[in-house]
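The values are calculated or read from the model by the stated rules, or taken from the named source; none is laboratory data. Keep in mind the model is a prediction, meaning the values are calculated, not measured. Every residue, glycine as well, gets a Cβ built from its backbone with ideal geometry; the counts of neighbours run over all protein chains shown. Accessible surface areas use protein heavy atoms only, side chains included; no ligands, DNA or RNA. Shrake-Rupley method; radii C 1.70, N 1.55, O 1.52, S 1.80 Å.
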Amino acid sequence: MTARLPPDALGRRVLCGSEYATVRYVGSIPSTAGIWLGVEWDDPQRGKHDGSYEGTQYFKCRHPRGGSFIRPAKAEFGVDFLTAVKDRYGVSDKQDAQDGTENAVVFGTKTVEFVGMDFIANKQRQLNQLVNISVSGCAVSHAGQKEEISGTCSNVRHINLSKNLISSWETVTDIASQIQNLETLNISENKIKFPSTSPPVSSAFSKLRILALNQTEITWTEVLLCAPGWPALEELYLASNNITVLERPDNVLQTLKLLDLSENQLLDGNQLHLIAHLPRLEHLQLSNTGIASIEFPDAAFGCKTKMFPSLKHLVIKENKISQWSSINELDKLPSLLSLNCHNNPVMDTEKNPETLRQLIIAKISQLKVLNNSEILPAERKGAELDYRKIFGKDWLAAGGNWDPEKNKLSEEFLAAHPRYPALCLKYGAPEEGELKGKQPLTLKNQLLTLTIKCPEKPEQKPVEKKLPESMTIQRVKGLLFRLLKVPGSELKLSYQSSKLDGKEVELDNDLKPLQFYSIENGDCVLVRW
């Protein structure tokens, strides 16, 4: 804690005990002695007023009770970067040198003993060997003496400066400019004042690949102003910054592979169009951004969009997407492999989670991972065949026909099921027999008529059973235990289908349902033990 008031105290970040605040006023208050600091607390519950006292407004707060007046002696204005590093890594131990006592330092798995000044010198040499430095929560507020950092931390490549007292982008630049090969920088949870105009060209971030600016109150406009200084940036984390509006990044961020905009309430889904032409963007994280719909209007049904050409991994969980049309639109992304869409209203349209998963898989052709779970080829085939069957009657009613020349589907059907024509090309149009009778409302209600055989036990006669498609392999084994009196752990199951030309497919995952393996009526389940 420091009692001396810095000349640039106004606007600085301070620490009072364990509470963070920003200095909004420095000066006197009538009828009181001495200098006061008017501070706006990060936690408004800590405050007492809105910056006014006895009818006079000394400063303004975002929250009506977010401000307080404190004495300078109670405010900690922080330390320079190198002081924090030395404190964090145990180098500023002058007492050891004065006492001449023996000390030990651990280098990896090796413990080395030093005495007096040798101890300090060797600890400082160890700083020069550090590649990763973390001074998170160490009250860093400024860079310190010029060139002091470069002379002490010459090999550093990765720095964590999160949750400190840094109040300006200039301070960040002052520190980074002394780290020659800086690749990773985390300055999250610092309330920083960013440039309102393009900052001077600097080589401080010329090798920076990863930058975390979560909870820094940065705007997208400020990102674009600073971005020319990040020519090699590959990952940019901007979560929880109240970013609502995006702008097209012209000639900047062109090397970006990952962008995290989570926890920013975007104005609407169309904001995504403004960042859709980043040529190398592979990961886009949009958790809890308020998005209600996704649309790529440049591409027709069944075609690929020119937007997000390299996007492989998309996270849109915890949003407001309620229509299947947005899920259909994702099939237009040319490179999409992984999707996380948990906790959206559209996920509540199906009670059976297995049915829901199958619908999404069938609608997005290239998807390999859904909600952190791999999509195996057998699961995709089953999902697509079931989708083709379930919506076959709708296809027929919408103008579908087994004669390609008469097959003229309505715009409404294509809008609801844009992949259906592709599934018909892949597996053939649904057969007339498949469309007879009442269609099941959900996949779980379908029953399969299966023949159960024990090929290595001829004394066991084949048995015909009706089993629900949603029945897991584990439950099938339980049924067989009752029939055959053989423990389920000893049973090995497979099945044969006329469509597979006699080839056996192992039923090797006890937790998967029969429909996962695309088993159909009339197929034969083979039991061995």
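Some observations on this one:
- The charge dipole of the chain, taken about its Cα centre with unit charges on the Cβ of Lys, Arg, Asp and Glu (plus for the first two, minus for the last two), comes to roughly 1020 debye.
- Whole-number D in µm²/s for segment 334-417 (Stokes-Einstein; Kirkwood sum over Cα pairs; 37 °C, 0.692 mPa s): 231 µm²/s
- For segment 130-178, taking the reciprocal of the average inverse distance between every pair of different Cα atoms yields a Kirkwood hydrodynamic radius of 11.1 Å.
- Amide H contacts of residue 53: 58, each under 5 Å away and 5 or more positions distant or on a separate chain (H built 1.01 Å from N in the peptide plane; Pro and chain starts excluded).
- Low-density loop cleavage sites - GluC sites (Glu not before Pro) in segment 350-434, where at most 15 other Cβ are within 10 Å (DSSP): 431
- What the phi angles of segment 224-233 give under the Karplus curve with 6.51, -1.76 and 1.60, with θ = phi - 60°, is a coupling list of 5, 5, 7, 4, x, x, 10, x, 10, 5 Hz, glycine and proline written as x.
- The share of accessible area on the chain that comes from carbon and sulfur is 49 percent, using a 1.4 angstrom probe.
- Here the Karplus curve 6.51 cos²θ - 1.76 cosθ + 1.60, taken at θ = phi - 60°, turns the phi angles of segment 196-205 into couplings of 8, 10, 4, x, x, 5, 9, 9, 4, 10 Hz, with x standing for Gly and Pro.
- Look at the alpha carbon pairs under 8 Å that are at least 6 residues apart: their mean separation over the length of the chain gives a relative contact order of 6 percent.
- Ellipsoid semi-axes in whole angstrom, largest first, where each is sqrt(5λ) of the Cα gyration tensor of segment 447-528: 17, 15, 12
- Annotation: peptides 69-79, 144-154, 182-192, ranked by per-residue average of other Cβ atoms within 10 Å with the highest first, follow the order 182-192, 69-79, 144-154.
- Rolling a 1.4 Å probe over the heavy atoms of the protein chains gives the chain an accessible area of 50 Å² per residue.
- Listed values for segment 263-273 are Karplus-derived 3J(HN,Hα) couplings in whole Hz (6.51 cos²θ - 1.76 cosθ + 1.60, θ = phi - 60°), namely 6, 10, 7, 5, 4, 6, x, 5, 4, 5, 4, and x replaces Gly and Pro.
- Amide H within-cut-off set for residue 19, under 5 Å, with H built and near neighbours excluded: none
- Distance cut-off 19 Å, percentage of C-alpha pairs in segment 379-435 lying past it: 18 percent
- On Cα atoms only, tilt of 353-363 relative to the major axis of the chain in degrees: 90 degrees
- Nearest-ten-degree value, helix 116-129 long axis tilted from longest Cα axis of the chain: 40 degrees
- In percent, rounded to a whole number, the relative contact order of segment 379-435 is 38, using alpha-carbon pairs under 8 Å and six or more apart.
- Loop-located trypsin sites (Lys or Arg not before Pro) in segment 294-344 (DSSP state other than H, G, I, E, B) with a sparse environment of at most 13 neighbouring Cβ atoms within 10 Å: 306.
- Scaling the Cα radius of gyration of the chain by the globular reference 2.2 N^0.38 Å produces a ratio of 1.35.
- Size descriptor, Kirkwood hydrodynamic radius, that averages inverse alpha-carbon separations across segment 160-285, Å: 14.6 Å
- With 10 Å bins from 0: P(r) over segment 12-74, alpha-carbon pairs, percent: 25, 58, 17, 0
- Every helix of 4 or more DSSP H residues in the chain counts as -39500 (n - 2.57), and over all residues that averages to -6000 deg cm²/dmol at 222 nm.
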